[in-house]
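A.B. asks: Before I ask anything, let me first share the structure, which is written out below as structure tokens.
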């Protein structure tokens with residue numbers, strides 16, 4: 001039996017999104033210095049937005065609000081995936097880093113989709 005969700009920290013979506021943020025910071029640390037206020041900042045902000053939106057939504061008082069914030073998290077995830085690919089195209093991320101990042105992002109996406117579906121089913 002699943003344990004009850006008492007906090008956003010109990011949500012697997014939040015936990016996996018936090019893993020993605022950690023990896024984004026690790027990889028983007030090696031981006032060129034001139035990107036610190038451009039792609040590095042944009043990628044990090046979008047990545048941080050994913051677990052932040054999950055946490056904020058879970059803290060709201062209605063299912064409708066939670067769904068809204070989960071939708072925002074999905075949008076930020078799409079931004080992150082796009083920015084990862086831009087970084088790869090610019091040579092800032094090598095294939096050995098790209099695949100694990102995209103795999104974590106895909107996992108977060110699947111979990112978010114499942115969470116959204118389960119919340120919509122409860123209407």
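Read-outs throughout are calculated quantities, based only on the coordinates presented, and are distinct from any laboratory measurement. Keep in mind it's a predicted model, so treat the numbers as computed, not measured. Virtual Cβ from ideal backbone geometry, glycine too; neighbours counted across all protein chains shown.
A.B. asks: Of (1) in contact (Cβ under 8 Å) with a residue 12 or more places away in the chain; (2) over 14 Å from residue 18 (Cβ atoms); (3) part of a helix (DSSP H, G or I), residue 31 satisfies all except one. Which?
C.D. replies: Of (1) in contact (Cβ under 8 Å) with a residue 12 or more places away in the chain; (2) over 14 Å from residue 18 (Cβ atoms); (3) part of a helix (DSSP H, G or I), only one is false for residue 31: (3).
For (1) part of a helix (DSSP H, G or I); (2) within 30 Å of residue 122 (Cα to Cα); (3) in contact with a strand residue (DSSP E or B) (Cβ under 6 Å, 6 or more places away or on another chain); (4) touching a residue at least 12 places away in the same chain (Cβ under 8 Å), each residue gets a yes or a no:
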position	(1), (2), (3), (4)
15	yes, yes, no, no
45	yes, no, no, no
61	no, yes, no, no
77	yes, yes, no, yes
